[in-house]
1. Any idea how many residues of region 217-247 are under 15 Å from Ile102 (Cα atoms) and either open to solvent by 40 Å² or more (accessible area, probe 1.4 Å) or outside the structural domain of Gly176 (by the TED database) (or both)?
2. For Thr134, are the conditions met, namely being of a type outside the set (Phe, Trp, Tyr), touching a residue at least 12 places away in the same chain (Cβ under 8 Å) and either farther than 18 Å from Tyr272 by Cα or not assigned by the TED database to the domain that holds Ile87 (or both)?
3. In region 50-98, which residue that is aromatic (Phe, Trp, Tyr) and within 22 Å of Val229 (Cβ to Cβ) is surrounded by the most Cβ atoms within 10 Å (Cβ to Cβ)?
4. Looking at Ala151, Ala238, Ala175, Ala228, which one is at pLDDT below 95 and among the aliphatic types (A, V, I, L, M)?
5. Would you check which residues across region 102-153 are of a type outside the set (A, V, I, L, M, F, W, C), in a helix (DSSP H, G or I) and closer than 30 Å to Asp58 by Cβ and list them?
6. Taking into account only those residues within region 154-173 that are assigned to a helix (DSSP H, G or I) and in contact with a helix residue (DSSP H, G or I) (Cβ under 7 Å, 6 or more places away or on another chain), which is most open to solvent (accessible area, probe 1.4 Å)?
7. Would you say Val206 is in contact with a Phe, Trp or Tyr (Cβ under 9 Å, 6 or more places away or on another chain), open to solvent by 10 Å² or more (accessible area, probe 1.4 Å) and either of a type in the set (Asp, Glu) or at pLDDT 95 or above (or both)?
Amino acid sequence: MLRKLAVLTAGAAAAATVAVAVPGVAAALPAANMEAVLLAAQIDPQRADSTQTPGAHDSVLLVEKALQAKGLLEAKYVDGYFGTTTIDAYSKYQKSLGYTGIDASGLPGKTSLEKLGSGTYTVSNVVSAGSHVTYHGVTLNTRTKAMLQAAEKLFGKDVGLTQGSYNPGGVGASAGTHDGGGAFDVSVANMSSGTRVEFAKDLRKVGFAAWVRTPSQGDWGYHIHAIAVNDPDLSSGAQHQVGGYYLGQNGLADHGKDDGPAVNPKLTWEQYQRG
């Protein structure tokens, strides 16, 4: 018994020694989860209140403190809520780095997040849009292409696309949602009304905000409109649509009730891949 007590006492002492900070050794920096920050930056600005995106508070707070330290955000807005004021502050920071256009939309990217957090936080769960590629005759990025291919696999066949990403001013009725990455329109010419909904649901399952659009909604024909959630290259209009999707809206200017197929839970591509 005495021997066992001695061993336990020695073990406790060793644990206590490990817990003591070592002089001259810097403590590990906290990590800002890029997935969580991106999602909050899309959803929070669309909320009618200051409810925070679940799981994003700590990471958003790290970003806001760094913005405050640079004089870009008042202390009262350092609260873990990535609302319009934080979006504006982050956009100003991006512009200070020389970014323009969609690169200065206030949606955090890997490089700007890392530069902002230098010495104060690291960046985990990095999301990359990848390079520009051609798929089904339109321009996408590699992340969006992989997502679409996963949805097509669920659907059981390939689809046709009528519009892709990085198409500034291409289709006026799109209201700028295709100016950046993560966006495309699907041709439904050979689909029944039921299969249109089926494919829209498959798109949602892998991480898209997707809706079947009808002529009664705007100046367009029947098609499926899809935006890749958490694409770091999203245009401002596309960011708003993703936020609306998560809040149960239809992604249109009237902010009407979501008329698309229900999926639960709503996922990002990274969450879908993790199962």
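The values are calculated or read from the model by the stated rules, or taken from the named source; none is laboratory data. For clarity, every value in this text was computed on a predicted model and none was experimentally measured. Because the Cβ atoms are built from the backbone with ideal geometry, glycine has one as well, and the counts that use them run over all protein chains shown. Note: accessible area is taken over every heavy atom of the protein model, side chains too, but ligands, DNA and RNA are not part of it. Shrake-Rupley method; radii C 1.70, N 1.55, O 1.52, S 1.80 Å.
1. Matching residues across region 217-247 total 2.
2. Numbers: of a type outside the set (Phe, Trp, Tyr): yes; touching a residue at least 12 places away in the same chain (Cβ under 8 Å): no; either farther than 18 Å from Tyr272 by Cα or not assigned by the TED database to the domain that holds Ile87 (or both): yes.
Taking the combined requirement at face value, the residue does not satisfy it.
3. If we filter region 50-98 for residues that are aromatic (Phe, Trp, Tyr), which is where we start, we get 77, 81-82, 90, 93.
This time we only want the ones that are within 22 Å of Val229 (Cβ to Cβ), so: 81-82, 90.
On the way: Tyr81: 22, Phe82: 33, Tyr90: 28.
In this case the residue turns out to be Phe82.
4. Numbers: Ala151 fails: at pLDDT below 95; Ala238 fails: at pLDDT below 95; Ala228 fails: at pLDDT below 95.
When all the criteria are applied, what remains is Ala175.
5. At the first step, the residues of region 102-153 found to be of a type outside the set (A, V, I, L, M, F, W, C) are 103, 105-106, 108-112, 114-115, 117-122, 124-125, 128, 130-132, 134-137, 139, 141-145, 149, 152-153.
Still in the running and in a helix (DSSP H, G or I): 103, 110-112, 114-115, 142-145, 149, 152-153.
Within region 102-153, Asp103, Lys110, Thr111, Ser112, Glu114, Lys115, Thr142, Arg143, Thr144 qualify.
6. Let us first name the residues in region 154-173 that are assigned to a helix (DSSP H, G or I), namely 154-155, 172-173.
Keeping just the survivors that are in contact with a helix residue (DSSP H, G or I) (Cβ under 7 Å, 6 or more places away or on another chain) gives 154-155.
On the way: Leu154: 82, Phe155: 24 Å².
So, considering only residues that are assigned to a helix (DSSP H, G or I) and in contact with a helix residue (DSSP H, G or I) (Cβ under 7 Å, 6 or more places away or on another chain), the one most open to solvent (accessible area, probe 1.4 Å) is Leu154.
7. Working: in contact with a Phe, Trp or Tyr (Cβ under 9 Å, 6 or more places away or on another chain): yes; open to solvent by 10 Å² or more (accessible area, probe 1.4 Å): no; either of a type in the set (Asp, Glu) or at pLDDT 95 or above (or both): yes.
The answer is no for Val206.
Yes/no matrix, rows are residues, columns are (1) over 23 Å from Ser91 (Cα atoms); (2) free of Cβ contacts under 8 Å to residues at least 24 places away in the same chain; (3) of a type in the set (D, E, K, R):
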position	(1), (2), (3)
Ser235	no, no, no
Ala238	no, no, no
Gly243	no, no, no
Gly256	yes, yes, no
Val263	yes, no, no
Lys266	yes, no, yes
Tyr272	yes, no, no
